[in-house]
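Please treat every number below as a calculation from the coordinates, not as lab data. Computed from a prediction, not measured in an experiment: that's the story for all the values here. Because the Cβ atoms are built from the backbone with ideal geometry, glycine has one as well, and the counts that use them run over all protein chains shown.
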């Protein structure tokens, strides 16, 4: 049967037709990982103040070398982007020297000065 091009009438008390709000049950749930991705958080450590941003597996598109274990952070692997917040030459210099770390390497890093 062919589709009608006439607009439908709203059901009484159920909205105004086109553009009416959907029911709350139809909305997808909040994905906390996606909501937190891209937001940097500050971490304090014995070796200074650090800004840490989560990189989701979906957004990881390039290969990087982890400074702790010296192995590759492959595309499609969730990891952390870390930069020094209290850099000697300012915030822009700290951001320019950011590094990509495996999450486990960052959480278990040693604070030895090399």
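Taking neighbour counts of Cβ atoms within 10 Å as a proxy for exposure, in what order, fewest first, do 62, 84 appear?
Ordered from fewest to most neighbouring Cβ atoms within 10 Å, 62, 84 come out as 62, 84.
Between residue 86 and residue 99, what is 0.36 nm times their sequence separation minus the Cα-Cα distance? Round to one decimal in nm.
Using 0.36 nm per residue and subtracting the Cα-Cα distance, I get 3.2 nm.
Using the count of nearby Cβ atoms within 10 Å as a rough guide to exposure, how do 44, 54 rank from fewest to most?
Fewest to most other Cβ atoms nearby, the residues stand as 44, 54.
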